[in-house]
1. Within straight cross-link reach of residue 46, meaning Cα distance under 19 Å, which aspartates and glutamates are found once same-chain residues fewer than 8 apart are removed?
2. What 222 nm value per residue comes from the helices of the chain, counting each DSSP H run with n ≥ 4 as -39,500 (n - 2.57) and dividing by all residues, nearest 500 deg cm²/dmol?
3. What distance in nm separates the simple spin-label points at residue 306 and residue 69, each placed 7 Å from Cα in the Cβ direction?
4. Please state the equivalent ellipsoid semi-axes for the chain: what are the square roots of 5 times the Cα gyration tensor eigenvalues, largest first, in whole Å?
5. Apply the Debye scattering formula to segment 229-304, with a single equal point scatterer on each alpha-carbon and no solvent, then give log10 I(q)/I(0) at q = 0.23 Å⁻¹.
6. Give me 101, 70 sorted ascending by neighbouring Cβ count inside 10 Å, so fewest comes first.
7. What are the ³J(HN,Hα) values, in whole Hz, obtained from phi via the Karplus relation 6.51 cos²θ - 1.76 cosθ + 1.60 with θ = phi - 60°, for each residue of segment 91-99 in sequence order, with x given for Gly and Pro?
8. Give the residue list of GluC sites (Glu not before Pro) in segment 295-373 that are DSSP loop and have at most 14 other beta-carbon atoms within 10 angstrom.
Amino acid sequence: MRRNNKNLRVLLNILILCGIVFGGVACTGTDVLAVRVKSEAYAPMKAVGKLAAVEARNLLRAEFRKVVNRNDVIVLSNAGYAEIGGKGTMGALDGLSEMLRVSRGANTLVEVHSIPEAPLWFAVFDSRSGWCAYLQVKSSAVGGVLKASDLFEKRTVAKIDPATLYASDNIPFDFGGNEFRIVTIANGVAFGVPAYVTRSFEFHDHYCPGVTSGILIANYVKEYFADKGVTPKGYFVHGLNPWCKEDALMVMLNATPGKSGYTVTYSTTEDRAEWGDYSSAVNIVYGQLPDGSWEGLILNVTLAPSTETGCNYTNGTISRLCADLWYLDKLDDPGRFVEELKSFTLPATDHPKNYARPGIDIMAMENPPWEDD
Ligand SMILES: [Zn+2]
């Protein structure tokens with residue numbers, strides 16, 4: 001207890017030294033000068049991350065009545081995406097990882113996408129006890145000197161492990177509107193999701209069965225080409241009926257519109273009804289073969305009903321968490337959920353983007369680039 005109070009005092013001194021001035025006043029303390037990074041936002045934000053770590057540890061200890069073991073800690077934050085007074089917040093990640101020993105490589109430091117205007121937040125999850133501390137930085141920290149005690153506008157601690165949530169079927173705590181993303185991501189990481197799942201839900205900003213359907217499609221396509229003994233040079237994804245899955249496909253297949261790797265058609269139910277045998281198609285995924293030609297797979301994905309997953313909670317967040325965890329040991333069996341409606345080839349002289357031009361609906365073309373059986 002005494003040691004932690006001392007740590008907190010040291011941090012308070014650093015913060016006062018730095019003045020938590022986001023307007024650009026440099027820190028003058030020797031502690032902070034040891035940081036050899038030239039961004040003026042780095043040192044104050046690193047100090048914010050350290051303070052968040054100490055605050056979170058104290059909140060967790062108050063509930064769990066034990067000092068949290070570093071090996072059990074998972075940290076989530078939108079640091080690096082959120083901005084305060086137009087300044088970057090990424091330095092906070094180093095403060096957190098230094099204090100709590102979380103890291104990218106160990107999959108214990110999760111960087112969650114947000115808009116720059118979103119409040120900066122931290123969630124520190126003790127995966128052993130199930131308690132999670134949530135800290136949200138006041139946006140009024142902009143431009144003025146702030147006392148450390150005023151730094152956080154929300155300091156919440158709640159038990160968020162699946163067993164607790166399933167028993168209550170309720171989310172009674174306030175994590176600043178980030179409840180869904182924190183509950184699903186923190187538990188997913190605690191249950192050992194692979195790196196590609198972390199990358200996908202970080203970009204998507206929450207972990208839902210929708211993003212899982214994209215992960216299943218990407219795994220299906222990887223398996224398809226691996227089974228053929230072909231190493232694709234790259235992928236092109238055509239979303240025909242887009243939902244959360246698109247974000248996983250972009251991340252896992254590095255298929256982005258900026259690199260001519262992704263396109264989407266926002267089809268309606270009426271449009272899809274016109275697609276005949278392919279009305280259930282949700283994506284075409286092309287792999288570019290070593291000779292430059294493109295092999296396209298017209299795919300459908302069907303998620304398991306709640307009668308199969310057993311995820312029948314009244315609370316939508318809890319139902320989705322349950323489904324996320326149900327799929328974890330099935331991600332390497334994508335053929336169970338993904339249906340291949342058709343495969344076809346475009347010659348190297350052609351490109352999938354030629355079927356994504358304004359006014360063209362590849363699924364409704366009179367002469368599509370495939371032959372129907
Ligand atoms: Zn989603």
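Read-outs throughout are calculated quantities, based only on the coordinates presented, and are distinct from any laboratory measurement. No experiment lies behind these values; they were computed from the predicted model shown. Cβ: placed from backbone, ideal geometry, glycine included. Neighbour counts: every protein chain shown.
1. Those aspartates and glutamates meeting the cut-off are 31, 55, 83, 94, 98, 111, 150, 153.
2. Estimated from H runs of four or more residues: -10500 deg cm²/dmol.
3. 3.6 nm
4. Square roots of five times the eigenvalues give 44, 24, 17 Å.
5. Each listed q corresponds, in turn, to -1.08.
6. Least crowded to most crowded, the residues run 70, 101.
7. x, 4, 4, 5, x, 5, 6, 5, 7
8. Details: sites: 295, 308, 339, 340, 366, 371; in loops: 366, 371.
Filter output for segment 295-373: 366, 371.
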